[in-house]
Amino acid sequence: MLFNSPLFILVFLPPVLALYYAAAERRTLRQAIAVAASLGFYGYWNYRFVPLLVGLTVVNYLIAHWHGRGGLRGHLPMIGVAVNLAVLCIFKYANFIGGNLAALAGQPFQPWDIILPLGISFFVFQKISYLIDLKRGDRHIYGLLDFSMFVSFFPQLIAGPLVRHNEIIGQFEASPCRPGMWENLGRGFVLFLLGIVKKAAIADTMALICDPLFQQAAGGAALNGAEAWAAAVTYTLQIYFDFSGYSDMAIGLGLMFGLRLPFNFNAPYRSISIREFWRRWHMTLSRFLRDYLYIPLGGSRSGPGRQALNVVLTMLLGGLWHGASWTFVAWGGLHGLALAVNGAWNRTGRRLPWGLGWVSTMLFVIGAWVLFRSPDFGTAAHILASMAGLNGIGTAKLDNALAVDLAAVLAVFGPTSQSLALEKLRPSPWLAVPAGIAMVLVLLLIGGRIPNEFIYFQF
């Protein structure tokens, strides 16, 4: 069930919201409704993985409570981290590890028939962050219902944002019918609507251009320079509007339930350095990598050389988190090297002019996205070579050239969805009419077609 599907918008969401608000003054009941709806939402994808989600939730809850009573002299959180990582490795990385070990041994490898549970990287990292916080001295031990709602709340269950326990569980106590309810519903709906427009009208349009071009390159067909740049630029726009659109929908849905989820994007394509880019792109993952990998590795405490090594290692693991493929690892490593170079440059005290900083950052980001999108290194190498002009300049036929131009302008110069929905728009009954019309138009745009899945669902 996709957020951008009529089934979710017309059939699932309205009754869940109605039941949740009907039980607004009974905390236990409304949270039980939210948890049940979340399990139903997840089970719609594949009911066989609901026991995995529930089982991991119960195991982590029991580990936290045992730790709170002093069990195993404080080592339980790290045992829990190991359990979560083991589950992630089995489902996501078993074939990757097995295939590489077999290749090293010169042996054939028959991949195991393992289905990747939807969103496993997100809800495993969420639990890991809580357990590490406990290990570091956090004393928040929650009840089963609070903990279950924290890890299963459907707006952020599949693809984030990566929400921390201390950002949301404290909000569960407040009734959604508190003062500001209608504003929360209105602003949340507008943010959700903006997310759908990003996904259905922009990201999916970009996919119509870049997908065939990447498929041609993967199939061995030569792309000229113009076609390669068209593929790279449209994928750069697609992944931004696809993932930021999902995040907008998740945050908007949370607000409609009276809960504030952390922001995940802040106009990353305006960045004038790769460091700034990672402060604006997938912000909740960036801070997870910083707080639970980079800083424990030593951060910047041990000199420039060790800092560079730490940031490269962190980004290599961040790349691997995205997918069980060496192309993802290489993509993360490239960003790690770029961050290390950025740090070394900053230590000189020099600064690039704004325009040169923006151009160099975007050229790097676009080139790295080619590696991220490509199914293998050969495809990436072919597209990058074509972008460098090694296969001729040529021309590219774009049926949606105007849409590409508008998307690029919005990504670089447009207001962020959060500032538009949560700050600039003022609540007014008159806004309900155009917002409602816009939703109808979006539903007509989606029509009876099968909606495209979000890119980050595969991670």
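Laid out as a table, the results:
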| item | result |
| --- | --- |
| Peptides 59-72, 242-255 ordered by average Cβ neighbours within 10 Å, highest first | 242-255, 59-72 |
| ³J(HN,Hα) computed for each position of region 195-201 - Karplus, 6.51 cos²θ - 1.76 cosθ + 1.60, integer Hz, glycine/proline x | x, 5, 4, 4, 6, 6, 8 |
| From phi via Karplus (6.51, -1.76, 1.60), per-residue ³J(HN,Hα) for region 373-385 in Hz, x at Gly/Pro | 7, 6, x, 7, 5, x, 5, 4, 5, 5, 5, 5, 4 |
| Virtual spin-label span in nm between ALA103 and THR348, 7 Å along Cα→Cβ | 3.6 |
| Stokes-Einstein D (µm²/s) once Rh is taken as the Kirkwood radius of region 194-350 over alpha-carbon pairs, at 25 °C in 0.890 mPa s | 140 |
| Stretchable slack from ASP399 to LEU420, in nm (0.36 nm times residue separation minus alpha-carbon distance) | 4.6 nm |
| Relative packing of 39-52, 420-433, 179-192, which averages over residues the other C-beta atoms within 10 Å, highest first | 179-192, 39-52, 420-433 |
| In range of the label at PHE457: residues from region 1-24 whose backbone nitrogen is under 18 Å from the point 7 Å along Cα→Cβ | 1-13 |
| In Hz, Karplus ³J(HN,Hα) per residue of region 248-262 (6.51, -1.76, 1.60; θ = phi - 60°; x = Gly, Pro) | 4, 4, 5, 5, x, 4, x, 5, 5, 8, x, 10, 9, 9, x |
| Globularity index of region 26-174, i.e. its alpha-carbon radius of gyration over 2.2 N^0.38 Å | 1.16 |
| Zero-based 10 Å bins, Cα pair distances in region 299-454, whole percents | 8, 20, 30, 25, 14, 3 |
| Partner lysines for LYS135 [C-alpha distance under 25 Å; skip if fewer than 8 residues away on the same chain] | LYS127 |
| Neighbour net charge for ASP133 - beta-carbon separation under 12 angstrom, K R +1, D E -1 | +2 |
| Highest to lowest packing among 115-126, 355-366, scored as the average C-beta count within 10 Å | 115-126, 355-366 |
| Helix-derived mean residue ellipticity, 222 nm - over the chain, DSSP H n ≥ 4, -39500 (n - 2.57), to 500 | -20000 deg cm²/dmol |
| Eligible aspartates and glutamates near LYS424 by straight Cα distance, threshold 17 Å, same-chain separation 8 or greater | GLU183, ASP248 |
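The numbers here are math on the coordinates, done by the rules we state, and not lab data. Quantities reported herein were computed from a predicted structural model and do not represent experimental measurements. As a convention, Cβ positions derive from the backbone with ideal geometry for all residues, glycine included, and neighbour counts pool all protein chains shown.
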